[in-house]
There are 2 protein chains.
Amino acid sequence: MNIGLLLFIPSREVENRILAAVVAAGFEVTQAQARVLMRVGRDGTRLTELAEAAQVTKQTAGFLVDQLEKVGYVERVPDPTDGRARLVRVTDRAKEAVPVANAEMARIEAEWEQHIGKRRMGQLREALEMLGEITDPYR
Amino acid sequence: MNIGLLLFIPSREVENRILAAVVAAGFEVTQAQARVLMRVGRDGTRLTELAEAAQVTKQTAGFLVDQLEKVGYVERVPDPTDGRARLVRVTDRAKEAVPVANAEMARIEAEWEQHIGKRRMGQLREALEMLGEITDPYR
DNA sequence: TTGTTTTAGTCAGATGCTCTGATTAAAGTA
DNA sequence: TACTTTAATCAGAGCATCTGACTAAAACAA
């Protein structure tokens, strides 16, 4: 079986379940918004960086940040080091979603480990981290 | 690092590169169309089955099959066993894309094996196949 | 300093993919 | 036969994404 599909299936499982958990906890956010939100750093991140990290155009990132801003999950503040730029920052309200997402992620990992064993989980993670070195465009 | 993201990055790499190779070979097809096309079986597949396999609604599958039909990559024939249904079949023209996709897949796997080693590739595949047992909704 | 080029972001417009809800026709069932 | 389920389509809508054009600030070159 095609390794692309083998990778895709569990990755979608993770995405779907984490989003479902966050939505169930009362956060109204879409998959696309979440992908952008996930990439916002501690001290704020520029739109251009978000676009690169999420693999979308600046326009798309801007569109999604507009929506996130409208519902109060991010805010835009001026970048003190560059008059053209603004920093996107996660609000306290949105930060409350983090533990929800982490808990679901831990649950998924536990289920997987239960099924394939601790050893194989370790091998899986090791192989994926190394693959990231050659497939991740953001590092 | 989040294992969902670790899985997603190489899976996207595979999808992007295979699509790019197929498009470069002169086939005009989109990612969404390709995902449906990939699921059409040897002797034809019903729209409903395609929708399930590709994780989309029947309407979406129908929309994509319409486009694929328009450019001549699939055809719809009556299902002899059920008057309501029709079978979607891949045309000879579209079948020519298969070796192109396979060649690119082989190239990717070779690159990965070069980077992480044969042993880890084997472990990766084994772990993913086992994970498929609990995460793949179509088996 | 002034002029040119690059960079950060936005505006406008279009397309593509996906969904929900309603409908038609055939098949299966009581 | 009458009812229910299934396969597919029609109609309408929303979201995500893109390309191209633009503005303003910053960086750089002469």
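List the relative contact order of chain A as a percent without decimals, with contacts defined as Cα pairs under 8 Å and 6+ residues apart.
The value is 23 percent.
Compare the Cα positions of B:6, B:108, B:97 along the charge dipole of region B:1-112 (+1 at Cβ of Lys, Arg; -1 at Cβ of Asp, Glu; about the Cα centre) and return the one farthest towards the positive end.
Most positive-ward Cα: B:97.
Could you state the accessible area per residue of the protein assembly as shown in Å², with a 1.4 Å probe and every protein chain left in place?
On the way: 15290 Å² over 278 residues.
Heavy-atom accessible area per residue stands at 55 Å².
Across region B:7-15, in residue order, what do the Karplus-derived ³J(HN,Hα) couplings come to in whole Hz, using 6.51 cos²θ - 1.76 cosθ + 1.60 with θ = phi - 60° and x for Gly and Pro?
Here the 3J(HN,Hα) series is 6, 5, 4, x, 5, 5, 4, 4, 4 Hz.
What distance in nm separates the two pseudo spin-label positions at residue A:71 and residue B:76, each 7 Å out from Cα along the beta-carbon direction?
3.5
Could you tell me the center-to-center distance, by alpha carbons, between region A:63-104 and region B:34-107 in angstrom?
41
Run the quick spin-label model on residue A:31 and residue B:111: label points 7 Å from Cα toward the beta carbon, then report their separation in nm to one decimal.
2.5
Residue B:96 label points, 7 Å along Cα→Cβ, one per copy: pairwise distances from this copy to the rest in nm, shortest first?
Those label-point separations list as 5.9 nm.
Which percent of the accessible heavy-atom area of the protein assembly as shown goes to carbon and sulfur, probe 1.4 angstrom?
Its accessible area is 52 percent carbon and sulfur atoms.
Considering only lysines 8 or more places apart in sequence, or on different chains, count the pairs in the protein assembly as shown whose C-alpha atoms sit under 19 Å apart.
Values: A:58/A:70; A:70/A:95; B:58/B:70; B:70/B:95.
Within the protein assembly as shown, the lysine pair count is 4.
List the distances, in nm and shortest first, from the label point of residue B:119 to the matching label points in every other copy, placing each point 7 Å from Cα along the Cα-to-Cβ direction.
1.3
Can you list, shortest first and in nm, the gaps between the label point of residue B:80 and those of its counterparts in the other copies, using a point 7 Å from Cα in the C-beta direction?
List, nearest first: 7.7 nm.
The values are calculated or read from the model by the stated rules, or taken from the named source; none is laboratory data. Bear in mind the structure is a predicted one, so any value in this text is a computation, not a measurement. Heads up, the Cβs are rebuilt from the backbone with ideal geometry, glycines too, and the neighbour counts pull from every protein chain shown. The protein model used for the area step is the full one, side chains on, heavy atoms only, and it has no ligands, DNA or RNA in it. Shrake-Rupley method; radii C 1.70, N 1.55, O 1.52, S 1.80 Å.
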